[in-house]
Amino acid sequence: MANFSRQRLLVRHWNAGVARIPGWPKSKLTEPPYAKRFTGPAWEDFPQGLRDDIDAYCERIAKRHRTAGGRIVRPCKASTIDMRRRELIAAVRAAVDAGIPLEELNSLRELLRPDRVEIIIEYYWGKNGERPSLYTIDLVSRLLALARSAALPEAEIARLDEIRIALDQYRSTGLTEKNRTFMRQIAHGDVWRKVVRLPRKLMAWATANRQTKPIRAAVTAQLAIAILILIRAPIRMQNLASIRIGINLVRPGGAGAPYMLVFPDYDVKNGVPLEFEFDEDTTALIDEYIHQHRPQLMRGFNHDYLFPGEAHGLKLTKTLSKQISDRLWKELGLKITPHQFRHAAAYIMLNADPGNYELVRRVLGHRSVATTRNFYIGLETLEATRLFGEIVTKLERDEPPTKPHLAKKTHA
């Protein structure tokens, strides 16, 4: 399998050269096929009506479209469409494996009937073990949303919603142990201060090596700006990778004014628009990257993406994410994912202003303050136990205890 993966990568690089490199041989190579990873009926064996419905659904979400609730959302990325298609195909195969005759599933409406969705979910849950996996829990929500867009009868939608609610109680709330470990790490010493100072350090190296190592310097500058933006604007990785100059990265005050980072609701996962205003120092570093380093990474492309990739218009999300994590490990010895910048931002805000979940909600772009509170309530427990330790230490030293600052503010 590893050999096939390397062959596929080699073939893709060869075929990319056909279009981009003068004098390159014009013959394109064929990638080795992927191993068959499923059991059950093949796509070609699905009833025609079901195939047509799945194709139509994928075509609809590939365009700017309206949800069942009336909200306009952006077109889904090709990778998201592929994932949604595979989820539906897998659900059909699960239904058949659970005993539902394939010929009865002749449309999405037939697949989405509550009695059949219940069978599919029980099938997945049985494979998960005692608790349903996040995939199983999320699948119910997606099938419910699809049922609403397909205008199923209200009684059937209500039954699907009951199934969703029943599974949602198994959804984990709060931070995972991995993220709690990360939070304990940044709560002590100068860990986050080192992270905050890293972009300027990387940009200084890139500037010093721009003439002798232009590509390495440009990639370093690119990662410096990606990390800087995550520090100043803790956005989701999908939004970070897709930033476009003049569309998301804008200067409302005109040329020379500080940058703002803006995402309309249809560009954000949960439909909450985001806006971040950058200061002059941040703006200066971004300009340095755009004018001095970014041209080295364009490789003949002409586009407005802030983070160009090697074989695509923009750098792939997973590539940029891995490069950020790898550089943080290399420079600081810290295992940090880009998404954990959001958790760090929550910790910083709640540490400075305990109980202000509304502030955290607005910065992170959550739709509900309840989501924010459920996720980060434990951060204040960490701070509270630290303050308790300080009180005990003062008693031990016969020092007068001071009022804990954690209780200083409360927010509705």
Answer residue from region 237-250, given it is open to solvent by 70 Å² or more (accessible area, probe 1.4 Å) and either more than 14 Å from Ile225 (Cα to Cα) or in a loop (DSSP other than H, G, I, E, B) (or both) and is modelled with the highest pLDDT among those: Ile247
Subset of region 19-69 [modelled with pLDDT of 85 or more, of a type in the set (A, V, I, L, M, F, W, C) and part of a helix (DSSP H, G or I)]: Trp43, Leu50, Ile54, Ala56, Cys58, Ile61
Would you check which residues across region 163-195 are under 25 Å from Met83 (Cα atoms), at pLDDT 90 or above and open to solvent by 90 Å² or more (accessible area, probe 1.4 Å) and list them? Ile165
For region 221-251, which positions are among the β-branched types (Val, Ile, Thr) and touching a residue at least 24 places away in the same chain (Cβ under 8 Å)? Ile225, Ile227, Ile229, Ile231, Ile235, Ile243, Ile245, Ile247
Over region 90-115, the set of residues open to solvent by 20 Å² or more (accessible area, probe 1.4 Å), assigned to a helix (DSSP H, G or I) and without any contact (Cβ under 8 Å) to a residue 60 or more places away in the chain is Ala90, Arg93, Val96, Asp97, Glu103, Glu104, Arg109, Asp115
Test Gln211 against the stated conditions and say whether it is over 30 Å from Leu143 (Cβ atoms) and surrounded by fewer than 14 Cβ atoms within 10 Å (Cβ to Cβ). yes
Counted residues, region 270-300 - those being within 28 Å of Arg74 (Cβ to Cβ), open to solvent by 30 Å² or more (accessible area, probe 1.4 Å) and touching a helix residue (DSSP H, G or I) at 6+ places or on another chain (Cβ under 6 Å): 1
In this structure, does Tyr289 turn out to be at pLDDT 95 or above and among the hydroxyl-bearing types (Ser, Thr, Tyr)? yes
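The values are calculated or read from the model by the stated rules, or taken from the named source; none is laboratory data. What you see is a predicted model; the values in this text were computed from it and never measured. So basically every Cβ, Gly included, is an ideal-geometry build from the backbone, and we count neighbours across all protein chains shown. Ligands, DNA and RNA are excluded from the accessible area calculation, which covers all protein heavy atoms including side chains. Shrake-Rupley method; radii C 1.70, N 1.55, O 1.52, S 1.80 Å.
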